[in-house]
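Laboratory data are not the source of any read-out in this text; all were calculated from the coordinates shown. Being a predicted model, the structure only gives us computed values, none of them experimental. Backbone-built Cβ (ideal geometry, glycine too); neighbour counts: all protein chains shown.
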Amino acid sequence: SESNTIGIEESDPALAISTATAIVQQDKSTQVTHFDKPTYTKAQISELTKDNTVKLITAAVESYMQRPLKPTDMQLILYLYEGVGFSADLIMFLYEYCISGGKKSSNYIEAVALSWANEGIDTEEKARLYTNQYNKTYQAINKAFGLNRALGDIEIQFINRWIMKFSMPLELIIE
């Protein structure tokens, strides 16, 4: 079986879920569940966009979006970078992940970002692990159940219980 970049066996969903959970929860004791979202003025945006890191992020996001950034896009990028404390790599991965899934809405991207922040995901590596685990395990189950929507928190809790507590193999769940 193939291994991903940090050595978790992709064929073992219980290991993937427990490892992903351990990685994203190691810093949860200091987790902040509310982030103040400022509205940046044109002068603040002008000043902040002089920063080379912000320039890198905005260039990457424009490339992903395949259009110039709107003011709401700039507000969100600056909020994630300054207010939430996401790194440039994490912001760029966030946009890549959301846009590759067909989601370009600022509201959707912000919701994913805040979900990650609340889960303790603060690096690109943690985000990749979390999204890979989600995509492989939860989407297979979602498809098997004939659901054409995102899983809810309670559904994810049930799936985690089936896999981690009851050690049910993914193949049995999707039968």
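Things worth noting here:
- Among PHE145, TYR134, GLY102 - extreme Cα towards positive end, dipole of the range 85-175, charges at beta-carbon: PHE145
- Distance in nm between pseudo-label sites at ILE45 and MET65 (7 Å out along the Cβ direction from Cα): 0.9
- Taking chymotrypsin sites (Phe, Trp or Tyr not before Pro) across the range 118-175, the ones in a DSSP loop with at most 14 further Cβ atoms lying within 10 angstrom of their Cβ are PHE145, PHE166.
- Computed over the range 63-175, the P(r) tail beyond 20 angstrom holds 47 percent of alpha carbon pairs.
- Backbone geometry of the range 122-127 corresponds, through the Karplus equation with coefficients 6.51, -1.76 and 1.60 at θ = phi - 60°, to 3J(HN,Hα) couplings of 10, 9, 4, 4, 5, 5 Hz, x marking Gly and Pro.
- Residues whose amide H lies under 5 Å from that of ILE174, counting only those 5 or more places away or on a different chain, are absent; hydrogens are built 1.01 Å from N in the peptide plane.
- Backbone geometry of the range 39-49 corresponds, through the Karplus equation with coefficients 6.51, -1.76 and 1.60 at θ = phi - 60°, to 3J(HN,Hα) couplings of 10, 7, 7, 4, 5, 5, 4, 4, 5, 5, 7 Hz, x marking Gly and Pro.
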